[in-house]
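A.B. asks: Below is one structure. I have some questions about it.
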Amino acid sequence: MDPMEVDEQQMAQVEIGDDVFKIPLPPLPPPEVKSKSHSQSPGYLLTYQLPGHKRAVTSVKFSASGNFMASASADSLIKIWDMHGVNCSLTLTGHLMGINDVVWSPESGGSHILGSCSDDQTIRLWDSRNGQCFRTLQKHKAFVFACRFHPQGNLMASCSFDESVCLWDLRQGKCLKSVPAHWDPITSVDFNCDGSLFVTSSFDGLVRIWDTSNAQVVKSLIDDDNTPVGYVKFSPNGKYILASTMNHTLKLWNFHKPKCLRIYQGHRNEKYCLSSNFSVTSGMWVVSGSEDKSICIWNLQTKELVQKLDTLDDMVLCTDCHPKANMIVSGALQNSHGIKIWRSSE
């Protein structure tokens, strides 16, 4: 067996909302078992198409409860969608240029708060109940490409094409630290489940893990070819990292070793920073958009591409998985700049 395919016998418990899941990740099954799993598709189907944005949809995120979804666009607008009626309830205006990311605060931080970041070099905080921007954060010197709330809700991390990461005290609206983190533009940032660490990815080909308390590098993950990394996120239990590299590859890392445990392929990704996700509501899947105008879903354990959704000629830039229901939302680069909701009956 390839040493890259060997893992610990199981992952720790993963808490999502009020439910507790265990993600077993044993060594890969023998070929005869893998062939039997080929038919085990999660069965996602297109359920809704949501028009509204006038340019590329760059970020889609479900709220912690799953009752709402936010979409951000290069048209400089944020839209909030009520998932009960599946309709747009608010449009948020204020950014002066295209928006690159939108994120909901955790339950502990007041789950009605939204954060967004833009090419206008600012991060904005919004009250999703009335659509008002109540704070603007500015420190970066170039496009702000991604932002994330700390799990406690009182801190935010942002990253930029200026190659820095900023940590923000949201109560005071002040930048606590600005760290020169990479040699090239930074594409994403994410906190682990307890907020003790954050991770960044960059066009320089590096994934770096940082200690939140002092903003010092704990570890760097390096591929031999230094392929640009477009997106990175922690697994729900915080023990693993999923990295999307711009050579048509997703890699699951045990960053403590560090060691690549799984490689997922079958999609196209060489031009855009495509988001990737863990789906844990029914089965354990890895989900990503693809530049071949599809959404790809892999079995987390076996690496098998179990479903490839036809997105009806839309190139998907961003996806997110519902925290409780078997639902995926996707945002498109072109055509109608639409948002699609996909559901599984599994």
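A.B. asks: Between D127 and D169, what FRET efficiency comes out of the Förster formula 1/(1 + (r/R0)^6) with R0 = 22 Å and r the beta carbon distance, rounded to 0.05?
C.D. replies: Numbers: r = 19 Å, r/R0 = 0.85.
E(calc), rounded to 0.05, equals 0.75.
A.B. asks: If you build a Gaussian network model of the chain, linking Cα atoms that sit under 10 Å apart, which residue out of T58, T212, T319 swings the most?
C.D. replies: Greatest mean-square fluctuation among the candidates belongs to T212.
A.B. asks: Now, a different point. Over the chain, give the accessible area per residue in Å² for a 1.4 Å probe, as an integer. Don't jump to the answer; show the numbers that get you there.
C.D. replies: On the way: 14150 Å² over 346 residues.
Spelled out: the 1.4 Å probe surface of the chain, per residue, equals 41 Å².
A.B. asks: How much FRET efficiency would the formula 1/(1 + (r/R0)^6) give for K324 and V86, where r is the Cβ-Cβ distance and R0 is 22 Å, rounded to 0.05? The partial results should precede the final answer.
C.D. replies: Values: r = 16 Å, r/R0 = 0.71.
Step by step, r from the Cβ atoms, then E = 0.90.
A.B. asks: Here is a follow-up. Run the 1.4 Å probe and let me know the accessible area of Y48, rounded to the nearest 10 Å².
C.D. replies: Result for Y48: roughly 90 Å² accessible.
A.B. asks: I'd like to know which of V102, W126, M83 lies farthest towards the positive end of the charge dipole of the range 33-166, counting +1 on Cβ of Lys and Arg and -1 on Cβ of Asp and Glu.
C.D. replies: So the residue we want is M83.
A.B. asks: Quick one, which of (1) 18.7, 58; (2) 19.7, 61; (3) 21.6, 76 is the actual Rg and Dmax of the Cα atoms in Å calculated for this model?
C.D. replies: (1)
A.B. asks: Given a cut-off of 23 Å, what percent of all Cα-Cα pairs of the range 57-172 lie beyond it?
C.D. replies: On the way: 1333 of 6670 pairs.
Every Cα pair in the range 57-172 considered, those over 23 Å come to 20 percent.
A.B. asks: A follow-up question, please. Apply 1/(1 + (r/R0)^6) to the Cβ-Cβ distance of H112 and Q334, taking R0 = 41 Å, and write down the FRET efficiency to the nearest 0.05. Write down the numbers at each step before the final one.
C.D. replies: Numbers: r = 32 Å, r/R0 = 0.78.
It comes out at approximately 0.80.
A.B. asks: What whole-number distance in Å separates the alpha-carbon centres of the range 41-97 and the range 231-262?
C.D. replies: Value for the Cα centre distance between the two parts: 27 Å.
A.B. asks: Report the full-extension gain for the segment N247 to V218: residue separation times 0.36 nm, less the Cα-Cα distance, to one decimal in nm. Working shown, then result.
C.D. replies: Details: separation 29, 0.36 × 29 = 10.44 nm, distance 2.58 nm.
Length gained between N247 and V218: 7.9 nm.
A.B. asks: Ignoring any ligand, DNA or RNA, what whole percent of the accessible area of the range 192-260 comes from carbon and sulfur when the probe is 1.4 angstrom? Show your work: numbers first, answer last.
C.D. replies: Numbers: 1130 of 2410 Å².
On the range 192-260, the fraction of accessible area on carbon and sulfur atoms equals 47 percent.
A.B. asks: Relative contact order, percent, of the chain when contacts are C-alpha pairs under 8 Å separated by at least 6 residues? It would help to have the intermediate numbers written out before the result.
C.D. replies: On the way: 1002 pairs, mean separation 53.0, N = 346.
Contact order relative to length: 15 percent.
A.B. asks: Could you pull out every one of the lysines with an alpha carbon less than 17 Å from that of K239, ignoring same-chain neighbours closer than 8 positions?
C.D. replies: Straight-line reach from K239, under 17 Å: K22, K219, K251, K257, K259.
A.B. asks: Give the carbon-plus-sulfur fraction of the accessible surface of the range 96-151 in %, rounded to a whole number; probe 1.4 Å, heavy atoms of protein chains only.
C.D. replies: Result for the range 96-151: 48 percent of the exposed heavy-atom area is carbon or sulfur.
A.B. asks: Do any trypsin sites (Lys or Arg not before Pro) in the range 250-289 lie in a DSSP loop with no more than 11 other beta carbon atoms within 10 Å, and if so, which?
C.D. replies: On the way: sites: K251, K259, R262, R268, K271; in loops: R268, K271.
Sites meeting the loop and neighbour criteria: K271.
A.B. asks: Mind checking which of H95, H53, H248 has the largest fluctuation in a GNM of the chain, springs on alpha carbons under 10 Å?
C.D. replies: Its mean-square fluctuation being the largest, the pick is H248.
The values are calculated or read from the model by the stated rules, or taken from the named source; none is laboratory data. What you see is a predicted model, and the numbers here were worked out from it, not measured in a lab. Note: ideal-geometry Cβ built from the backbone for every residue, glycine included; neighbour counts use all protein chains shown. Note: areas computed on protein heavy atoms with side chains; ligands, DNA, RNA excluded. Shrake-Rupley method; radii C 1.70, N 1.55, O 1.52, S 1.80 Å.
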